[in-house]
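Take a look at the following structure, please.
The values are calculated or read from the model by the stated rules, or taken from the named source; none is laboratory data. Since the structure is predicted, the reported quantities are computational estimates derived from the model, not experimental observations. Neighbour counts run over all protein chains shown; Cβ positions are idealised from the backbone, glycine included.
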Amino acid sequence: MWKRVCVFLVALVVLSCTARVVATDVTSIHSAESVSKTAICIHFHYPEGWHAGDPLPQKDVQMIQKAKDLNAKYIRFDIWWKDIEPQKDQFNENAIAYYRAIINKIHQEGMDAIVVLGSSGGFPNWVRNLLVSKSGTIEAKINGKTVKIPRGEVEVNETMKLAKESKIPVRNLYVVNGKAIIQAQVTQGFLLEAKQYAAKIAQEYWYLLVYYQLGNELNHPTDPIDWYDDHEYIKALHDGLDEYEIYYKTIVNGFADWSEWDYWLEYWLDRAGSCIDIIAIDHYPGTWSDQPYNHWNELDTLFNIADQHGKQAAVMETGFSTYSDLVGHGEDEQRNFINSALPAIRQKAQRHYLAFVTWYELVDEPWQSPVTVEWYFGICRDNLLPKLGYNDLKYQFSLFGG
């Protein structure tokens, strides 16, 4: 309790001299949330050799300015565990300063941040020994096809072959020594370390942030954490934040292009509901799902789940990959997606409150994943030149007005 009292007293001083004021009147906040807030995903990568006090890389600044130009009100990005704590109990103060500089720049441009904590692609290598591998296979269904996925320590090449054959996103694989860790059991030691990592984030940034996403697509079958342990991981991250945060909201998202995604959202809410404020989906009709671009019945299901549990709902990722003109995935088709999917979302959001609609992502990132489809979700190319649908996304975002 004394920590929270001290933090609160410090808050009075900090908030009096900062341009950003964290609202504490929950009633007034909800009354202002009449339309969906627009957000865009950016991957910021801590540049090795960057030190506290250095200027931000020019591309980082340009990406933030692009997000503003697109009418995004929020920028969603990861604060990678491996950057913050590359070795157990050894925190990288330069990485901490880098992410603080990113958040401050976002605020200077008139936007706010949503940070993702504990995305599995950002696990440090040293936590591997805190996860217990299991053998065998699991079954998951996508686009009406049942896929058998090996669990345990799986050779990366084997995982990549399966991903390409079955159209599975694998950017967030946790890979150690050439092997992907899939569906492992958590230990109390792992949960304690996850809690301490989240507490460190809150300790450093509590006065700069309100929204935290806990994990990412935990229902994904290639996630390193066993499906039935995900709620424990959610609790650990939440409890870490709670040690230092005063007013904050948590988001948990499921990948809605796998079957039974709704089951897992219910599972998390039944077991960790007090740790979740906003329940969300990631949905990619036309890329990961074979559905038409304007197929958003998943939102109706999400709204029902959110209402039953007294939560808000959000779309934390949607987008379209421009990986090949030859198979209907060029820039012109991305523009068609924008002008079909976003109006469909907006129409549903007019009937039911939707906290966020989030575009994935701002900039192409070739070579960041072994699966080519994942390289080209950006509304800008990797050199920041806009794609054909850039102005369409800007216009569609303006119609949300959040």
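Six or more apart or on different chains, Cβ under 7 Å: which pairs go from a residue in region 42-61 that's more than 15 Å from Leu362 (Cβ to Cβ) to one that's small (Gly, Ala, Ser)? Could you list them?
From region 42-61, the pairs are Tyr46/Ala95; Ala52/Ala97; Leu56/Ala101.
How many residues are touching a helix residue (DSSP H, G or I) at 6+ places or on another chain (Cβ under 7 Å) and crowded, with 19+ Cβ neighbours inside 10 Å if we restrict to region 355-369?
5
For residues that are surrounded by 17 or more Cβ atoms within 10 Å (Cβ to Cβ) and of a type in the set (S, T, N, Q), scanning just region 149-180, find the one that is farthest from Asn216 (Cα to Cα).
Thr159
Would you confirm whether or not region 112-134 contains a residue that is charged (D, E, K, R), on the phi < 0 side of the Ramachandran plot and out of contact with any strand residue (DSSP E or B) (no Cβ under 8 Å at 6 or more places or on another chain)?
Quick first cut of region 112-134, residues charged (D, E, K, R) only: 112, 128, 134.
Right, trim to on the phi < 0 side of the Ramachandran plot and you get 112, 128, 134.
The next check asks that each one be out of contact with any strand residue (DSSP E or B) (no Cβ under 8 Å at 6 or more places or on another chain); those that pass are none.
The answer is no; no qualifying residue exists.
When region 135-168 is examined, which residues are found to be modelled with pLDDT under 90, more than 22 Å from the chain's Cα centre (by Cα) and among the basic types (Lys, Arg)?
The answer is Lys141, Lys145, Lys148, Lys161, Lys164.
Since Leu241 meets every condition but one in (1) buried (at least 21 other Cβ atoms within 10 Å of the Cβ); (2) assigned to a loop (DSSP other than H, G, I, E, B), which condition does it not meet?
Status for Leu241: all satisfied but (2).
From the set of residues in region 259-283 that are in a loop (DSSP other than H, G, I, E, B) and touching a helix residue (DSSP H, G or I) at 6+ places or on another chain (Cβ under 9 Å), which is surrounded by the fewest Cβ atoms within 10 Å (Cβ to Cβ)? Working first, answer last.
Pass one, region 259-283, residues in a loop (DSSP other than H, G, I, E, B): 259-260, 276-277, 283.
Okay, now just the ones that are also touching a helix residue (DSSP H, G or I) at 6+ places or on another chain (Cβ under 9 Å), so 276, 283.
Values: Ile276: 23, His283: 27.
Step by step, filter region 259-283, then rank; the result is Ile276.
Within the group Gln183, Gln188, which residue is under 22 Å from Leu130 (Cβ atoms) and surrounded by fewer than 20 Cβ atoms within 10 Å (Cβ to Cβ)?
Details: Gln183 fails: surrounded by fewer than 20 Cβ atoms within 10 Å (Cβ to Cβ).
Answer to the selection: Gln188.
Also, quick follow-up: State the number of residues belonging to region 344-402 that are part of a loop (DSSP other than H, G, I, E, B) and not basic (Lys, Arg).
Summing the residues that are part of a loop (DSSP other than H, G, I, E, B) and not basic (Lys, Arg) in region 344-402 gives 28.
Could you go through region 311-319 and let me know if any residue there is of a type outside the set (A, V, I, L, M), farther than 21 Å from Asn253 by Cβ and part of a loop (DSSP other than H, G, I, E, B).
Within region 311-319, the subset of a type outside the set (A, V, I, L, M) is 311-312, 317-319.
Filter once more, keeping what is farther than 21 Å from Asn253 by Cβ: none.
Within region 311-319 (the criterion being of a type outside the set (A, V, I, L, M), farther than 21 Å from Asn253 by Cβ and part of a loop (DSSP other than H, G, I, E, B)), the answer is no, since none of the residues qualifies.
Just for region 370-402: of the residues that are surrounded by 17 or more Cβ atoms within 10 Å (Cβ to Cβ) and among the hydroxyl-bearing types (Ser, Thr, Tyr), which one is farthest from the chain's Cα centre (by Cα)?
Tyr390
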